[in-house]
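Since the structure comes first, as C-alpha cells, the remarks are kept for the end.
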Amino acid sequence: MTLVDARPTPLGLSRRQALKVVAATAALPLGVLGLRAIGPTPQFHTWNGEVLGAVSSLTLWHSNANFARTTMQRMASEIGRLERIFSLYRPDSELRRLNADGMLEGASRDLRLVLTSARFIGLATGGAFDPTVQPLWDVYARHFASPGADPAGPSGFALDAARSLVGYRDIDTDGGAIRFARQGMQATLNGIAQGYITDRIADLLRNEGFQHVVVELGEARVLGDHPEGRPWRVGLRDRAGATDRMVDLSNGAVALHGGYGTVFDESGRNHHIFDPVTGRSAQTMLDVAVVSGRATDADAIGVGIYVAGEERASAILAQFPGTRAIITRRDGTTVTIG
C-alpha cells in the first residue's frame, strides 16, 4: 500500500532507514577466505545510492571485482527504470501520470503487477492495506501546513471527502490500461513498491549467479547465508533510531513499519499509516516487522497488520505460509506471530 508519501517531512525517523544488515562487510576469519578455491579471493563489493527517497545499498560477495562492479552498474540502471514508474517525486513517472489523469494507457508490466499484488493483499487484509490512500495524505499535509492547525488533525468533513476516494477494489488493471473508478482517486505505492524493487534486484542478482547478497532498498532482502556460514543479522531500529532488536535472515526478506516513520506533528499521533475505514492514523501498535520470503509481501503485509491490529494478525499471516510478524505493542512488550 503506501502509507508513505514520496515527499519527506522534517519530523520523525524515515521508515526507509529503519532496517540495517549489521556488519555485512566486516572482516571475515581467515578460514572463510582461505582455501575455498584457487583463484582470486572473494570479497564484499558495495553500491550505495537512493531509491524512492530511501538511503539504499547493494552488497555482493564475489571474487571478480570487475564483474561485481559492472553488475552493480546494471542494477543501478534497473533501479532508475523502476523509479521512473513508481516515484511520486518525478512528475513524469507512470504513477504520477496515472494520478493526474485517472487512467494510464500502455502501462508497464511492472506497474500492473504491483497494483495487482496490492489489490490481492488488500483483499487478504480485509482492506487494511489499501494503495489508494493518497487523498488522505493530501488532506493531512494541507491541514498541518496551515497556521494554527488543530492538533487533533483534519476535520471529519475533510476526512469523509478523502475517504470517498479510497478503495483498492476500484482499480481496473485489465488489459494494457489502468483506470480509477472515480475522479480524484490517487495511489501511493511506497508501501509496496520498495519491496517490489528489492525483489526485482535480488532476483536479477540470483540469475547472475550471486549466492551471498544483501539488498537494502527501503526493505531488506538477502540471498543465501553470510559467507561465514551463518544467517545475516538484520537490525531493527526503534523510534529514536537505535538498533534495539535483531532478526536472523537467510534467503528471505524483512520490512519494518511504525507510525513514527513519518509524522505530521510533534505528538506523533498523526502519521503516515492511515486506517482506510476511519481516515485517521492507525494507533494499534508501536511497530511491526514482517519476515517473509519476498520483500513485496513483507512490505505490504506489514502495513496491513499495523492497521488491522494484533488480533487480526494471525488470520492475515495464515494466508501467507512461512511469513511471521514481530509486533511491538504500545506498552513496549513484543510478540511473534506466525
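For the chain, the fraction of C-alpha pairs farther apart than 24 angstrom is 54 percent. Other residues lying with their Cβ under 15 Å from the Cβ of R329 contribute a combined charge of -2, Lys and Arg counting +1, Asp and Glu -1. Against the main long axis of the alpha-carbon atoms of the chain, helix 65-86 sits at an angle near 10°. Length available on full extension from A145 to Q43: 0.36 nm per residue minus the Cα-Cα distance, which gives 31.9 nm. In the chain, a dipole from Cβ-located charges (positive for Lys and Arg, negative for Asp and Glu) runs towards its positive end, and of T296, G175, M185 it is T296 whose Cα lies farthest in that direction. Rounded to the nearest 20 debye, the dipole size of the chain about its Cα centre is 400 debye, using +1 on the Cβ of Lys and Arg and -1 on the Cβ of Asp and Glu.
Could you calculate the contour length gain from R81 to F157, that is, 0.36 nm times the residue separation minus the distance between their Cα atoms, to one decimal place in nm?
23.4 nm
Over segment 65-135, Cα pairs under 8 Å with separation of 6+ residues give a relative contact order of 16 percent. The modelled label-to-label distance between R312 and R269, using points 7 Å beyond Cα along the C-beta direction, is 2.2 nm.
Note on V335 and S250: their simple-model spin labels are 2.9 nm apart, each label 7 Å out from Cα toward Cβ.
Quick note: the coordinates plus some simple rules give every number you see, no bench work behind them. Bear in mind that the values here come from a model prediction, so they are computed numbers and not experimental data. No Cβ is skipped: glycine too gets one built from the backbone with ideal geometry, and neighbour counts run over all protein chains shown.
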